[in-house]
Protein chains: 2
Amino acid sequence: MLTVFGSTALDTIRTPTKTLKNVLGGAATYAAISSSNFVKTGLIAVVGDDFSRKNHNILSKYLDLQGLAINKGKTFRYDGKYDNTLSTRSTLKTELNVLENFKPIVPEEYKKSQFVYLANNDPEQNTKLIKEFDNVKFSMCDTIEFWIATKRNAVIKMIKSVDAVVINDEEAKLLTKEDNLIKCAKKMMSWGANYVVIKKGEHGALLFHEDVIFPSVGFSLESVVDPTGAGDSFAGAMIGHLAAKKKTSFSEIKKSIIYGNVMGSFAVEKYGLAGLTSLKKSDITKRIKQYEKMVTF
Amino acid sequence: MLTVFGSTALDTIRTPTKTLKNVLGGAATYAAISSSNFVKTGLIAVVGDDFSRKNHNILSKYLDLQGLAINKGKTFRYDGKYDNTLSTRSTLKTELNVLENFKPIVPEEYKKSQFVYLANNDPEQNTKLIKEFDNVKFSMCDTIEFWIATKRNAVIKMIKSVDAVVINDEEAKLLTKEDNLIKCAKKMMSWGANYVVIKKGEHGALLFHEDVIFPSVGFSLESVVDPTGAGDSFAGAMIGHLAAKKKTSFSEIKKSIIYGNVMGSFAVEKYGLAGLTSLKKSDITKRIKQYEKMVTF
């Protein structure tokens with residue numbers, strides 16, 4: 001199985017065409033629902049006692065929730081606004097609420113997970129948590145500007161403790177203090193990451209391993225309405241595919257990147273989680289084939 | 001043969017690491033020297049009587065210069081400065097000089113060119129010039145912000161008169177007043193372009209034809225010193241490859257895009273024209289193979 005650890009949130013998302021208020025979101029929610037298309041996925045996260053039955057039902061439809069704590073207090077809330085071109089998001093409000101003092105517990109069953117994804121939580125907590133798994137074959141982490149700004153050394157230490165880092169281009173530059181993405185990746189590999197994936201939004205992603213680069217394009221879309229969770233869906237698909245195949249060869253990791261690009265493309269086509277929750281397995285297979293055909297020359 | 005019409009300039013290029021003063025440049029110079037690696041290329045352009053023998057010798061080494069006018073006055077001069085990340089260039093000075101009143105003449109031999117590339121000159125002049133060729137099999141144009149701002153309708157008319165438009169992403173958005181690149185391409189196709197290529201710098205390019213999209217990655221480089229002329233080198237390589245093959249099938253156009261990405265990558269590795277003029281044929285073949293290997297999954 002795959003375990004995903006990270007945030008479950010109630011998001012307010014303001015796009016040029018629609019505002020969603022207090023809808024189910026969070027990095028771990030997107031990543032885990034994305035990965036659940038490929039493999040059984042357990043979620044380690046926390047919500048407050050304000051978390052609705054409806055949202056709980058959405059999570060339980062896709063995920064194993066033994067790792068979901070329901071604590072006294074309010075669920076983590078995020079409020080952000082996109083610009084008119086959907087390329088920049090400004091944060092209006094972040095309320096950590098129950099996330100602030102959360103002590104994650106790894107359920108016994110999850111400890112056997114061979115695949116673990118640490119979404120963008122506190123890097124110190126991530127580094128500690130990964131040690132509780134008995135037999136990790138492949139682990140991956142992401143991080144965000146907030147942790148780079150406040151706990152850069154802990155982020156670097158976390159990178160040492162996982163097999164792969166998945167990070168977006170701006171955050172890769174911020175973290176490594178380099179402008180060139182190859183230099184960014186080399187630095188993260190020098191810190192101990194065996195694989196580095198730099199996500200570039202609509203432009204796809206670059207995978208780095210030793211001296212090899214695998215660049216991939218994004219799946220081109222005419223209509224993008226809400227980029228929220230695209231990067232998380234990308235990462236979830238990657239590790240979900242690997243966990244399903246139980247393989248971690250470089251060739252399989254390259255394929256997992258294609259799944260990442262495809263699941264990221266579904267995420268942005270609809271508002272909030274709808275891009276993922278309205279999917280059929282056949283939609284994914286079909287788009288993977290379209291992707292393969294599209295890039296052939 | 002291939003005919004390239006456009007600007008030959010004396011550039012002052014200010015990069016974070018080096019400033020080049022009054023060096024040989026211009027869209028047509030980059031495009032034509034790039035295409036000359038694949039096919040005999042004739043240049044239609046103008047320089048002033050201040051154009052040095054050394055620069056003339058560089059051009060004549062690669063190009064047929066029957067179409068090069070040497071007029072009384074100063075050569076077109078451009079002065080631009082890149083920011084520290086090399087992603088934005090500000091124009092400090094543009095002196096049209098002899099370009100201002102240039103009346104291009106197509107030499108008899110060039111009129112038989114089956115392949116014609118109109119670099120970013122005055123769109124009205126481009127539309128007029130293309131009619132002087134007797135038997136065009138494939139024509140392509142680029143344009144720049146200046147013409148979009150001052151002669152948008154003429155740009156649209158020019159697009160109608162060629163087979164393919166090659167344009168960078170920002171200018172495509174500006175010209176079409178659309179934010180999404182698929183929408184940009186559809187609009188340009190609705191204006192009469194059979195093929196649209198949107199260049200995205202380091203992120204590669206998107207080729208559009210009817211309902212098909214062919215996205216391609218850029219060739220990843222660890223060291224980029226001067227982006228000047230990369231897009232022109234891309235376009236020159238594209239049409240140069242097609243002219244060499246004498247083919248214009250969609251499949252061949254896709255391949256030409258790979259040549260475009262590869263020649264663009266050579267252009268940015270060195271200052272000014274040096275990335276192109278220091279090349280051996282074997283360097284190109286080698287990088288094309290690297291590119292093909294790199295993107296395979």
**OP:** Taking A:THR91 as meeting all but one of (1) surrounded by 13 or more Cβ atoms within 10 Å (Cβ to Cβ); (2) under 16 Å from A:GLY229 (Cβ atoms); (3) of a type in the set (S, T, N, Q), write down the number of the exception.
**Re:** (1)
Original post:
For segment A:230-274, how many residues are among the charged types (D, E, K, R), more than 16 Å from the chain's Cα centre (by Cα) and over 13 Å from A:LEU206 (Cα atoms)?
Top reply: 6
Subject >> Count of segment B:248-260 residues which are in contact with a Gly (Cβ under 9 Å, 6 or more places away or on another chain) and open to solvent by less than 10 Å² (accessible area, probe 1.4 Å) >> reply: 3
Original post:
In segment B:158-183, what residues are acidic (Asp, Glu) and within 14 Å of chain A (Cβ to nearest Cβ)?
Top reply: B:ASP169, B:GLU170, B:GLU178, B:ASP179
**OP:** List the number of the failed condition for A:GLY272; all other conditions in (1) open to solvent by 10 Å² or more (accessible area, probe 1.4 Å); (2) in a loop (DSSP other than H, G, I, E, B) hold.
**Re:** (1)
**OP:** Could you pull out the residue among A:SER216, A:SER233 that is touching a residue at least 12 places away in the same chain (Cβ under 8 Å), more than 30 Å from A:LYS21 (Cα to Cα) and open to solvent by less than 10 Å² (accessible area, probe 1.4 Å)?
**Re:** A:SER216
Subject >> Residue match in segment A:64-78 (condition: basic (Lys, Arg) and buried (at least 19 other Cβ atoms within 10 Å of the Cβ)) >> reply: yes
Original post:
Across segment B:183-201, what is the number of residues that are over 20 Å from B:SER256 (Cα atoms) and surrounded by fewer than 21 Cβ atoms within 10 Å (Cβ to Cβ)?
Top reply: 6
Original post:
Within the set of pairs 6+ apart or on separate chains, which have a first residue in segment A:80-95 that is modelled with pLDDT under 95, a second that is hydroxyl-bearing (Ser, Thr, Tyr), and C-beta atoms under 6 Å apart?
Top reply: A:ARG89/A:TYR82; A:THR94/A:TYR78
**OP:** Could you tell me which numbered condition A:SER190 fails, if it satisfies all but one of (1) free of Cβ contacts under 8 Å to residues at least 60 places away in the same chain; (2) closer than 26 Å to A:PRO16 by Cβ; (3) of a type outside the set (Phe, Trp, Tyr)?
**Re:** (2)
Original post:
When A:VAL155 is evaluated against the numbered criteria (1) within 14 Å of chain B (Cβ to nearest Cβ); (2) farther than 30 Å from A:SER223 by Cα, which criterion, by number, is the only one it fails?
Top reply: (1)
Original post:
Within segment A:268-279, is even one residue within 23 Å of A:ILE213 (Cα to Cα) and in contact (Cβ under 8 Å) with a residue 40 or more places away in the chain?
Top reply: no
**OP:** Hey, can you tell me all the residues within segment A:239-269 that are within 21 Å of B:VAL217 (Cβ to Cβ) and assigned to a loop (DSSP other than H, G, I, E, B)?
**Re:** none
Subject >> Counted residues, segment B:240-260 - those being touching a helix residue (DSSP H, G or I) at 6+ places or on another chain (Cβ under 7 Å), within 14 Å of chain A (Cβ to nearest Cβ) and of a type in the set (S, T, N, Q) >> reply: 1
Original post:
Can you tell me which residue in segment B:275-293 is nearest to the chain's Cα centre (by Cα), limited to those that are within 12 Å of another protein chain (Cβ to nearest Cβ) and buried (at least 16 other Cβ atoms within 10 Å of the Cβ)?
Top reply: B:ILE288
Original post:
How many residues does segment B:121-156 hold that are open to solvent by less than 20 Å² (accessible area, probe 1.4 Å) and either acidic (Asp, Glu) or at pLDDT 95 or above (or both)?
Top reply: 15
**OP:** Could you please find all residues in segment A:164-181 being crowded, with 18+ Cβ neighbours inside 10 Å and in contact (Cβ under 8 Å) with a residue 12 or more places away in the chain?
**Re:** A:ALA164, A:VAL165, A:VAL166, A:ILE167, A:ASN168, A:GLU171, A:ALA172, A:LEU174, A:LEU175, A:THR176, A:LEU181
Original post:
In segment A:185-230, what residues are more than 9 Å from chain B (Cβ to nearest Cβ) and among the charged types (D, E, K, R)?
Top reply: A:LYS187, A:LYS199, A:GLU210, A:ASP211, A:ASP226
**OP:** Report, by residue number, each residue of segment B:13-35 that is surrounded by fewer than 24 Cβ atoms within 10 Å (Cβ to Cβ) and more than 15 Å from B:ALA274 (Cα to Cα).
**Re:** B:ARG14, B:PRO16, B:THR17
Original post:
Checking A:MET188 against (1) of a type outside the set (D, E, K, R); (2) within 29 Å of A:THR296 (Cα to Cα); (3) touching a strand residue (DSSP E or B) at 6+ places or on another chain (Cβ under 9 Å), which test does it fail?
Top reply: (2)
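The values are calculated or read from the model by the stated rules, or taken from the named source; none is laboratory data. A quick note: this is a predicted structure, and the numbers were derived from the prediction, not measured. In this analysis, Cβ positions are derived from the backbone assuming ideal geometry, glycine residues included, and neighbour counts consider all displayed protein chains. The accessibility values were calculated without ligands, DNA or RNA, using every heavy atom of the protein model including side chains. Shrake-Rupley method; radii C 1.70, N 1.55, O 1.52, S 1.80 Å.
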